[in-house]
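Enquirer: I'd like to ask you about the structure that follows.
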Amino acid sequence: MKTTLKIKICSLLASVAIVTSLAACSSNPSQKTSCSLPEGPDLERAISAARFDLETGCEHEFDAYFQRLLVIAEGDPKKENKASFSDFLLWANDAGLLSKLQAREIYNRYFGVKYVSLISDYSVCTQTCPHRSDVMREMNRELVDKEQGLLKISADRLNYTRASNLFQETELVLEATCEACGPTE
């Protein structure tokens with residue numbers, strides 16, 4: 001009888017130890033997702049890997065993942081890449097990583113003809129002219145991003161040329177408009 005009781009107690013203690021160690025493993029905060037940026041030439045596979053990581057603890061690295069996807073896509077430029085990035089940004093919005101506005105602005109910054117750095121609901125004379133050099137500097141940075149998205153990733157020379165021409169036209173129009181507005185304080 002004593003032997004049977006000892007066996008039951010030992011069995012019960014072993015079960016408690018197993019349950020306790022399993023619970024500790026599942027709630028161990030030191031086990032973190034490895035946020036390793038995707039590699040390789042296949043954009044779709046890289047997007048899939050990025051989505052997995054961003055869903056499982058790497059959401060704070062979204063910008064780094066997005067930049068890596070851009071570089072991977074440069075290795076195989078084609079028009080379909082625009083749709084892949086659009087889908088990825090829509091997913092990022094659905095996953096709560098970006099707002100709709102952020103997703104739209106990122107997409108348009110790289111793959112749209114219009115400049116998100118110039119969009120404004122304010123008066124050009126009072127809001128843009130006093131900061132014209134900053135606006136043009138930001139538009140120039142955006143043109144570099146459009147070169148990457150439109151030319152190097154999407155092989156869309158026509159829309160890149162349109163974006164480049166829009167940049168030059170905007171520069172001329174802003175110069176003339178700001179002169180007409182008079183001195184800014």
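Enquirer: Taking the residues in the stretch 114-125 that are among the hydroxyl-bearing types (Ser, Thr, Tyr) and modelled with pLDDT of 85 or more as candidates, determine which candidate is farthest from Glu169 (Cα to Cα).
Expert: In this case the residue turns out to be Ser117.
Enquirer: Hey, another quick one. Considering only the stretch 126-159, state which residues are within 18 Å of the chain's Cα centre (by Cα) and open to solvent by 80 Å² or more (accessible area, probe 1.4 Å).
Expert: Hits for the stretch 126-159 are Arg141, Val144, Lys152.
Enquirer: Taking only pairs six or more apart or across chains, which ones have beta-carbon atoms under 6 Å, a first residue in the stretch 71-90 that is touching a residue at least 60 places away in the same chain (Cβ under 8 Å) and more than 12 Å from Tyr110 (Cα to Cα), and a second residue that is open to solvent by less than 80 Å² (accessible area, probe 1.4 Å) and in a helix (DSSP H, G or I)?
Expert: Ala73/Leu43; Ala73/Asn81; Ala73/Ile153; Glu74/Ile153; Pro77/Ile153
Enquirer: When you go through (1) surrounded by fewer than 17 Cβ atoms within 10 Å (Cβ to Cβ); (2) modelled with pLDDT under 95; (3) of a type outside the set (Asp, Glu) one by one for Lys100, which number turns out not to apply?
Expert: Of (1) surrounded by fewer than 17 Cβ atoms within 10 Å (Cβ to Cβ); (2) modelled with pLDDT under 95; (3) of a type outside the set (Asp, Glu), only one is false for Lys100: (2).
Enquirer: Select from the stretch 94-149 the residues that are of a type in the set (Asp, Glu) and either closer than 19 Å to Tyr65 by Cα or touching a Phe, Trp or Tyr at 6+ places or on another chain (Cβ under 9 Å) (or both) and list them in ascending order.
Expert: Asp94, Glu105, Glu138, Glu142, Asp145, Glu147
Enquirer: Are any residues in the stretch 161-185 closer than 15 Å to Val113 by Cα and either open to solvent by 40 Å² or more (accessible area, probe 1.4 Å) or of a type in the set (Val, Ile, Thr) (or both), and if so, which ones?
Expert: Residues satisfying the conditions are Thr161, Arg162, Asn165, Leu166, Gln168, Glu169, Thr170.
So that you can scan it fast, the table gives a plain yes or no per residue for (1) small (Gly, Ala, Ser); (2) at pLDDT 95 or above:
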position: Tyr107; (1), (2): no, yes
position: Cys129; (1), (2): no, no
position: Arg137; (1), (2): no, yes
position: Leu151; (1), (2): no, yes
position: Ser154; (1), (2): yes, yes
position: Tyr160; (1), (2): no, yes
position: Asn165; (1), (2): no, yes
position: Thr170; (1), (2): no, no
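Enquirer: Of a type in the set (Lys, Arg) and closer than 16 Å to Leu150 by Cα: is that true of Arg104 in this structure?
Expert: Here the answer is yes, as Arg104 does meet what is asked.
Here's the yes/no breakdown for (1) loosely packed, with under 14 Cβ neighbours inside 10 Å; (2) within 14 Å of Ile47 (Cβ to Cβ); (3) hydroxyl-bearing (Ser, Thr, Tyr):
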{"residue": "Asp63", "(1), (2), (3)": "yes, no, no"}
{"residue": "Trp91", "(1), (2), (3)": "no, yes, no"}
{"residue": "Asn108", "(1), (2), (3)": "no, no, no"}
{"residue": "Val124", "(1), (2), (3)": "no, no, no"}
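The values are calculated or read from the model by the stated rules, or taken from the named source; none is laboratory data. For clarity, every value in this text was computed on a predicted model and none was experimentally measured. Positions of Cβ are backbone-derived with ideal geometry, glycine not excepted, and every protein chain shown enters the neighbour counts. With ligands, DNA and RNA removed, areas are computed over all heavy atoms of the protein, side chains included. Shrake-Rupley method; radii C 1.70, N 1.55, O 1.52, S 1.80 Å.
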